[in-house]
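Worksheet: one structure, shown below.
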Amino acid sequence: MKKSRRCGLGTTICRGLLFVLLAVCFSTAPKAYAQGGDLANANINTISAWETGYIVDKTGAEDVNKRRIRTNDFYTLGHDQYEVSVSNSEFTVRAFYYDDNKSFLSSEKLYDGYVITKSDNAKYVRFDCRKNESEKSMSLGQFAAVVGSKLKVNFSAIIQHESAFIIDEEYVEEEHELFDEINVKSISGWTAAGMDSKTGKVVTNKRRLVSNDYFAIYDQTLSVSFNKTGFKVEVYEYDSNKNFIKMTVATNGTEIDVTDKTRFVRFCLYRTTNEKSLSLGQWSSLFGQGLTLSVEAEEATDNVYVPAPKAAPKPEPKPASTPHEAVYNEMKQMLMTGDMTRHDISKYGLDIYEVRAIADELKQGEGYYYFANSNTMFLGDFSLKNNICNTMRFEGMDGDFVNRYNRMMKTLEEIKSMTTSQMSDLDKVILVHEYIVTHTYYEKTSLTMGCAGGILGDGHGLCTGFSRAFNAALRYIGVETRYASSDEMNHAWSLVKIDGQYYHVDCTWDNTTEEKSGYVGHNYLLASDTRFTKSIPGRHYNWVVRDANYASDIKLPATSTKFDNWFVHDVKSLMVYYNGYWYYASGKSVKRSDAYGNSMATVLTDTANVSIIGVSQGKLQYKVNGVVKTLTLK
């Protein structure tokens, strides 16, 4: 039986109050934030500074995501620069900048050792945080267990000091004795650490070695030499105040002409393969086995610093011979410098079709700049008058574009250094697959998630990024590739050309979180159309293939079944290359084979399951029950 409703004055008043409260709760009044003070004094290492949710990269607006956290407060940017300390690379911390009115300006990812440089109109900053892997498992309570313990984020204001005297408008530099040669034969004078390539500051990295000293230099050429292969050294240049200028990666025989402002250099030594296995003790052992790094500084003008001569006026650039060439050069300069401003090109009198044709030509000639941000960057912002293009600008280019490009090219050079003259195209495909699958993770929120630069420069991205990165790396070492995608699957992968035939490769589906435990997938490495449409274990369907420029669809069947029953599909460990053979773990054994499955043999059997660490200088490193062991290869 239904109960009768009674409506009285009290009920009416209560309902009125309820409507008032609801109106207040759902009003559009802006949220009131606490003011957290200057960033240098910020304490975000307690969970009380955070709340559930995140901030949208492109807009700076709040959004709901119960697996992420964002700071409650806005912090004031009272200094021009802040050095960032992030204690745990398993988490991503992003900064969001706002003006005086708390209108959003920009955002950027923070790294340990990174220097925040305040823009002219930036006044406030907020942060959000997420765990890179297994993000779905993080609640606010779980973040509370790591914030301030496993994860600590701090900011130190960089105070600028005048360190030189001005006398009659001439700059007087401090005198130092220049170095002419160093020979490194031990870990003495070196620290187990790494260097941030963007700031020139020491960062935590126990797999590399950093020189304790700054070496004085002036107008010299550095010649680098190693007595063994498989090693590189990063050379960092600094001015007279030890402000970072640039970094150069050097191998055996590299010569570096330092800039006219360089007054100090510092070095970071690393191994190009299997770097993650190196400890300080292992470095000491490598030097004990005869490793030597030599750096000679030649053509010194004197044995002390002398004031740099006043620079002669720079000659005016030679005028381009045609408007086409002039606009091409201007576009190229915009890419090289990360120039996001609008350019006036009305004087060239080119129509929109000519300008776009030049952009396509530039993409062919300077394609790796596009790879650094290809999913969002495009030439646009055109204004037209009588069909003449008056302005142009690269849209979608972010503030980290040039740095990401440099990081991406460094990765490509590292991959290239791992190749040998005896490697076949098949060997190179395996090499790039192993590198990308073991050095990156799947991520779908960053601005660069779909481009090659996201994978090769930042170490994470979407399937589109995995495919473009795989293709970019293989093209860099001379292997032909294509891009495949399926709208119905919402997925992308690659095709590679081996011995005149195309085969499918899906690095994304071979990339798993199990890699940390020694598992590396190879199910989707080289397959025919037939194999890819069947369950292996996941099938692919309804795809199209793009041309080399990702511009148009092409018909490109992968009919060869040569690798459909390939032994590599059953390999569940990292594969490492040495002297024509691939070495991999199989249960308690380490096996070897050439890339085609010939000369297969078991090279050792241990007491428990084996996981491969890597190979260097003829020595295979592997792990059994947490113990690292070494096998000398023939």
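The values are calculated or read from the model by the stated rules, or taken from the named source; none is laboratory data. Because the structure is predicted, anything quoted here is derived from the model rather than measured. Please note: Cβ atoms are built from the backbone with ideal geometry, for glycine as well, and neighbour counts cover all protein chains shown.
Given Ala548, Ala558, which one is closer than 21 Å to Ile430 by Cβ, assigned to a loop (DSSP other than H, G, I, E, B) and among the small types (Gly, Ala, Ser)? If you could, list the steps in order and put the result at the bottom.
Values: Ala548 fails: closer than 21 Å to Ile430 by Cβ.
From the options Ala548, Ala558, the qualifying one is Ala558.
When the stretch 576-625 is examined, which residues are found to be without any contact (Cβ under 8 Å) to a residue 12 or more places away in the chain, outside any loop (DSSP other than H, G, I, E, B) and surrounded by fewer than 15 Cβ atoms within 10 Å (Cβ to Cβ)? Steps first, please.
Of all residues in the stretch 576-625, those without any contact (Cβ under 8 Å) to a residue 12 or more places away in the chain come to 592, 598, 601.
This time we only want the ones that are outside any loop (DSSP other than H, G, I, E, B), so: 592, 601.
If the condition is that a residue be without any contact (Cβ under 8 Å) to a residue 12 or more places away in the chain, outside any loop (DSSP other than H, G, I, E, B) and surrounded by fewer than 15 Cβ atoms within 10 Å (Cβ to Cβ), then Ala601 is the only one that fits.
Looking at Phe532, Phe563, can you tell me which residue is within 28 Å of Cys451 (Cα to Cα) and among the aromatic types (Phe, Trp, Tyr)?
Values: Phe563 fails: within 28 Å of Cys451 (Cα to Cα).
Only one candidate passes the filter, namely Phe532.
For the stretch 162-234, list the strands (runs of 3 or more DSSP E) that sit wholly inside it and hold at least 3 residues that are at pLDDT 85 or above; which are they?
Values: elements: 165-167, 170-172, 181-184, 190-192, 209-211, 221-226.
Strands (runs of 3 or more DSSP E) meeting the threshold: 181-184, 209-211, 221-226.
Consider Phe378 carefully, then state whether it is without any contact (Cβ under 8 Å) to a residue 40 or more places away in the chain, of a type in the set (Phe, Trp, Tyr) and out of contact with any helix residue (DSSP H, G or I) (no Cβ under 6 Å at 6 or more places or on another chain). Break it down stepwise before answering.
Numbers: without any contact (Cβ under 8 Å) to a residue 40 or more places away in the chain: yes; of a type in the set (Phe, Trp, Tyr): yes; out of contact with any helix residue (DSSP H, G or I) (no Cβ under 6 Å at 6 or more places or on another chain): yes.
Answer is yes for this residue.
Hey, among the residues in the stretch 51-72 that are touching a residue at least 60 places away in the same chain (Cβ under 8 Å) and in contact with a helix residue (DSSP H, G or I) (Cβ under 7 Å, 6 or more places away or on another chain), which one's surrounded by the fewest Cβ atoms within 10 Å (Cβ to Cβ)?
That would be Thr52.
Sort out which residues of the stretch 244-264 are under 23 Å from the mean Cα position of the chain (by Cα), assigned to a loop (DSSP other than H, G, I, E, B) and more than 19 Å from Leu209 (Cα to Cα), and write them in order of number.
Listed by number, the list is empty, since nothing qualifies.
Kindly list the number of the only condition in (1) under 14 Å from the mean Cα position of the chain (by Cα); (2) part of a helix (DSSP H, G or I); (3) within 30 Å of Gly500 (Cα to Cα) that fails for Gly450.
(2)
Given the criteria more than 27 Å from Arg404 (Cα to Cα) and either at pLDDT 85 or above or not small (Gly, Ala, Ser) (or both), does Lys118 qualify? Show your work before the answer.
Working: more than 27 Å from Arg404 (Cα to Cα): no; either at pLDDT 85 or above or not small (Gly, Ala, Ser) (or both): yes.
In short, no.
Test of understanding: among Thr530, Thr508, Thr481, Thr512, which residue is modelled with pLDDT under 90 and not charged (D, E, K, R)? Before the answer, list the steps.
On the way: Thr530 fails: modelled with pLDDT under 90; Thr508 fails: modelled with pLDDT under 90; Thr481 fails: modelled with pLDDT under 90.
Checking each option against the conditions leaves just Thr512.
Among the residues of the stretch 388-409, count how many are out of contact with any helix residue (DSSP H, G or I) (no Cβ under 7 Å at 6 or more places or on another chain) and farther than 24 Å from Ser107 by Cα.
Counting residues in the stretch 388-409 that are out of contact with any helix residue (DSSP H, G or I) (no Cβ under 7 Å at 6 or more places or on another chain) and farther than 24 Å from Ser107 by Cα gives 1.
Conditions tested, residue by residue: (1) among the hydroxyl-bearing types (Ser, Thr, Tyr); (2) at pLDDT 85 or above; (3) not assigned by TED's automatic domain parsing to the domain that holds Asn205.
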position: Asn43; (1), (2), (3): no, yes, yes
position: Val64; (1), (2), (3): no, no, yes
position: Arg70; (1), (2), (3): no, yes, yes
position: Ser85; (1), (2), (3): yes, no, yes
